[in-house]
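Q: Below is one structure. I have some questions about it.
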Amino acid sequence: MRFYLFSKRRLFWLIGGLLFALSTSAGATRPAVVLGSFAEQRNALALLKKLGLRDDLASVELAISARDTDAHGDSKPLLARVVAYSEDPSQTRALLSQLRAAGFTEAWYLANAPIADTSNARAQTPSASLESPRSQSVRDQAIAGKSEGVRALMSSETQQSLSRRTIGDLSKKEGQPSQPEIENLSNAMGDQEREPSSSDLTKPLSERKAGTEPQKNADEKGRINPNIAASLASQNNSDQQAPQDPGNEPENPTDESRFTSGLTMERNAFAGNAHRWSLDFKATRGSLPSTALKSPYFGDETSSYVADLHLEWRQRFDKVTLSFDHVLQWNAGDVIPWSRSPYGAPELRSLGDSPRALDLTNPVTDGNHHRLHSHFRELMVRWEGQDWNVSLGRDSIHWGTGIVFHPLGLFNPLPPLYVEGDKQFAQDHFLIERLWNSNANPTESLTFLNVSRRTDRDRLFGDVSTTALRLNRKSDRYALGVTAARHYGLSVIGLEASRQIEGVELSSNLVLRERDGNYSNSTWAVVGMVNARLNASTETRTASVFAEYFHNGFGLKALPTSFADLPADLTYQLARQEAFTFMRDYVALGGDFAWGKEVSQSLRLITNLHNPSLVIKTEFLFTLQEDLRLQLGLITPLSQDGKEFTPLRIGTTSDGVPVTFGPDRRIYLRLKFNR
């Protein structure tokens, strides 16, 4: 057995040394206890008021953030998280045990809660390290539509530290219910949003006053009534419960959900019966060199347009959830006639369901320069139990922890030059997940996944399907995963590891992929990446920077003179959109920055290490209103012609003039409206 190994060890050592050198400049952290997340902010405020009366807490915090942000930056309904700090940080785990004994059985330990001053938890300044700049902007706009009480609590920051006096003053100032009203609030909320109530939560566990009559929601030992405890558990922190949506995703890498490494499902965060709709319009214009294959047809510029009307629906029946995302899509511009040429248009892959198992796409109108069709981006049935989860249908599947490159992306990986907001190619699949210690830290899970596809002869379950088994262990500070899969008839073995060291997040994916024996003498190839992200947020701005190294054992050390000479394995991966580059080794640098409540920016620089070619992608997101966002982006190569990321030479004319393929640079604009 022979491997194509890479000799870039010096780069690993340089990145590691740089990260440890920079880690001392990261924001200070201290341990904390997360008591729960609430869909109703009044419930969180009621709990804050009770906790504020305990004299064994240094402070408590209310953090409002999106319950989920999908891989495309779409905001989800808000959650209010309640976080408590111990007077003595070393006693935080003891505090966790006390609070669990008091009835908060779903409370969990957060080892690195960011603060600005570890010497004074009461006076700590707000911190935004748990959210990406994009999710912060979405959240700030959503807060603007909430109650005056929530705005007073949150101001323009992500977290607000509240002392016992501050909680009482805010409750009176904003017209919150008095103490007796709060204690009885659970009776009027229904089963889904009851407030946990206990007399012992309003005083230290070690100093209970004699003669005080227990509250009706607590027993004589100060434990919460099981019904109310169960209600709290049903809405408790979603990013501690598995499975969980990524944050994700490559698009929100500073979010805690980044450490849910491996397989996660992109889901809506509706509760009960809910629906919403959104309208997304994107225009793209690219410049073409005179040697471009498209130049005789479109001149020196090409443009395309796409508009999506999404209708999302979710219905929950106890443990069973039904959901769909139906899209009515309109495409226009030069991409339509070009898609009918022998070269095709990979960007219009969603116009058909091949090679997916289900045919859920229907054309409405089809013209020379436009096309209107409908398809289901999501169509799912999910059953979620305490220790088991089962799902069946179509949805996006996210693997690995890459930021720019995704070695474990066997299904629908994001391309390195992914445009924020573009929809992924979802897969038809069947999933079974077994959970252990789902309410503890760490948690373990074992996942079985089967992705069904159709062959060219319209047959299911051939060598085009994927079957995978994945074992995952995750805590609040690290995550480990092992994956074994059979993908298109070839074996895949994947290893994942993530670690948080103060303000630095380290992650690595290593994948061994079997080569096709018909086209190669070697048996396996190594594909892997290592990255690090440094949180550089301040009191008033959120920011993060990252570095990532990627190796593709299927890649080349030099661009071929003819792309008909590409290795067969690489050709298949490019055709299936599992790979997007030709070379073997790459480095990506970049960051995400929030310049204010309404403006955020992402920046990516990518280069290969063989014939150095550099490409830059930058995006600006403007939040115009709570439901309206404007996105403006640029992708341009900074290399000489003939390098990767520039228009690639694919041949010559009879006169010896070179012919190239691909745009020189692109600019795009997206307008999105959500309801």
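The values are calculated or read from the model by the stated rules, or taken from the named source; none is laboratory data. Quick caveat, the model's predicted, so the values are computed rather than measured. Positions of Cβ are backbone-derived with ideal geometry, glycine not excepted, and every protein chain shown enters the neighbour counts.
Q: Residues of the range 285-339 being touching a Pro at 6+ places or on another chain (Cβ under 9 Å), assigned to a strand (DSSP E or B) and hydroxyl-bearing (S, T, Y), which ones?
A: S287, T302
Q: Quick check: is even one residue across the range 484-491 within 23 Å of W108 (Cβ to Cβ) and either without any contact (Cβ under 8 Å) to a residue 40 or more places away in the chain or surrounded by 16 or more Cβ atoms within 10 Å (Cβ to Cβ) (or both)?
A: Of the residues in the range 484-491, the ones within 23 Å of W108 (Cβ to Cβ) are none.
No, the conditions are met nowhere in the range 484-491.
Q: Being in a strand (DSSP E or B) and among the charged types (D, E, K, R) is the filter; apply it to the range 393-445 and report the residue that is surrounded by the most Cβ atoms within 10 Å (Cβ to Cβ). Spell out how you get there, then give the answer.
A: First, the residues of the range 393-445 that are in a strand (DSSP E or B): 393-395, 397-398, 427-436, 443-445.
Those left that are additionally among the charged types (D, E, K, R): 394-395, 428, 433-434, 444.
On the way: R394: 21, D395: 26, D428: 21, E433: 22, R434: 13, E444: 16.
By that ranking, first place goes to D395.
Q: Those residues that are modelled with pLDDT under 70 and assigned to a strand (DSSP E or B), I need them from the range 38-61; list them, please.
A: Hit for the range 38-61 is F38, nothing else.
Q: Which number in (1) surrounded by fewer than 18 Cβ atoms within 10 Å (Cβ to Cβ); (2) on the phi < 0 side of the Ramachandran plot; (3) out of contact with any Phe, Trp or Tyr (no Cβ under 8 Å at 6 or more places or on another chain) marks the one condition that G656 misses?
A: The single condition G656 does not satisfy is (2).
Q: Continuing with this model, one more query. Given the structure, is R499 among the basic types (K, R), within 20 Å of M529 (Cα to Cα) and part of a strand (DSSP E or B)?
A: Judged against the criteria, R499 is a match.
Q: Just one of (1) within 28 Å of Q640 (Cβ to Cβ); (2) in a helix (DSSP H, G or I) trips up D569, so point out which.
A: (1) is the only condition that D569 fails.
Q: Still on this model: Take the conditions modelled with pLDDT of 90 or more and more than 24 Å from Q427 (Cα to Cα) and apply them to E514. Does it pass?
A: Values: modelled with pLDDT of 90 or more: yes; more than 24 Å from Q427 (Cα to Cα): no.
Taking the combined requirement at face value, the residue does not satisfy it.
Q: Return the pairs, sorted by first residue and then second, in which the second residue is hydroxyl-bearing (S, T, Y), the first residue lies in the range 634-659 and is farther than 12 Å from A292 by Cα, the beta carbons are less than 6 Å apart, and the residues are 6+ apart or on different chains.
A: That search, which allows pairs on different chains as well, returns L634/T618; P637/T646; S639/S613; S639/T646; K643/S613; E644/S613; F645/S613.
Q: Ok, one more. Farther than 30 Å from N531 by Cα, buried (at least 22 other Cβ atoms within 10 Å of the Cβ) and modelled with pLDDT of 50 or more - does that describe any residue in the range 266-281?
A: Initial filter on the range 266-281 (farther than 30 Å from N531 by Cα): 270-281.
So of that shortlist, the ones also buried (at least 22 other Cβ atoms within 10 Å of the Cβ) come out as 280.
If we keep only those that are modelled with pLDDT of 50 or more too, we end up with 280.
Looking through the range 266-281, at least one residue is farther than 30 Å from N531 by Cα, buried (at least 22 other Cβ atoms within 10 Å of the Cβ) and modelled with pLDDT of 50 or more.
Q: Ok, one more. Go through the range 608-652 and report how many residues are farther than 23 Å from F582 by Cβ and among the hydroxyl-bearing types (S, T, Y).
A: Residues meeting the conditions: 2.
Q: Can you name the residue in the range 573-596 that is within 20 Å of the chain's Cα centre (by Cα) and in a strand (DSSP E or B) and, of all such residues, is nearest to D516 (Cα to Cα)?
A: The residue in question is A588.
Q: Can you tell me which residues in the range 353-368 are of a type outside the set (S, T, N, Q), in contact with a strand residue (DSSP E or B) (Cβ under 8 Å, 6 or more places away or on another chain) and touching a residue at least 24 places away in the same chain (Cβ under 8 Å)?
A: P355, R356, A357, L358, L360, V364
Q: Next up: Tally the residues that are at pLDDT 80 or above, assigned to a loop (DSSP other than H, G, I, E, B), exposed (fewer than 14 other Cβ atoms within 10 Å of the Cβ) and touching a helix residue (DSSP H, G or I) at 6+ places or on another chain (Cβ under 9 Å), restricting the search to the range 340-385.
A: 3
Q: Now for a different question. Sort out which residues of the range 625-675 are of a type in the set (A, V, I, L, M), in a strand (DSSP E or B) and over 23 Å from the mean Cα position of the chain (by Cα), and write them in order of number.
A: If the condition is that a residue be of a type in the set (A, V, I, L, M), in a strand (DSSP E or B) and over 23 Å from the mean Cα position of the chain (by Cα), then L648, I650, V659, I667 are the ones that fit.
Q: Report, by residue number, each residue of the range 401-446 that is touching a Gly at 6+ places or on another chain (Cβ under 8 Å), at pLDDT 90 or above and not β-branched (V, I, T).
A: G402, H406, P407, L408, D428, H429
Q: Looking only at residues that are among the hydroxyl-bearing types (S, T, Y) and out of contact with any helix residue (DSSP H, G or I) (no Cβ under 9 Å at 6 or more places or on another chain) in the range 291-311, which one is farthest from L671 (Cα to Cα)? If you could, list the steps in order and put the result at the bottom.
A: Kept after step one, since they are among the hydroxyl-bearing types (S, T, Y), are these residues of the range 291-311: 291, 295, 297, 302-305.
Next cut, out of contact with any helix residue (DSSP H, G or I) (no Cβ under 9 Å at 6 or more places or on another chain) only: 291, 295.
Details: T291: 33, S295: 29 Å.
The qualifying residue farthest from L671 (Cα to Cα) is T291.
Q: On the given criteria, is A532 part of a strand (DSSP E or B), aliphatic (A, V, I, L, M) and over 17 Å from L410 (Cβ atoms)? Give the steps one after another, and end with the answer.
A: Numbers: part of a strand (DSSP E or B): yes; aliphatic (A, V, I, L, M): yes; over 17 Å from L410 (Cβ atoms): yes.
Here the answer is yes, as A532 does meet what is asked.
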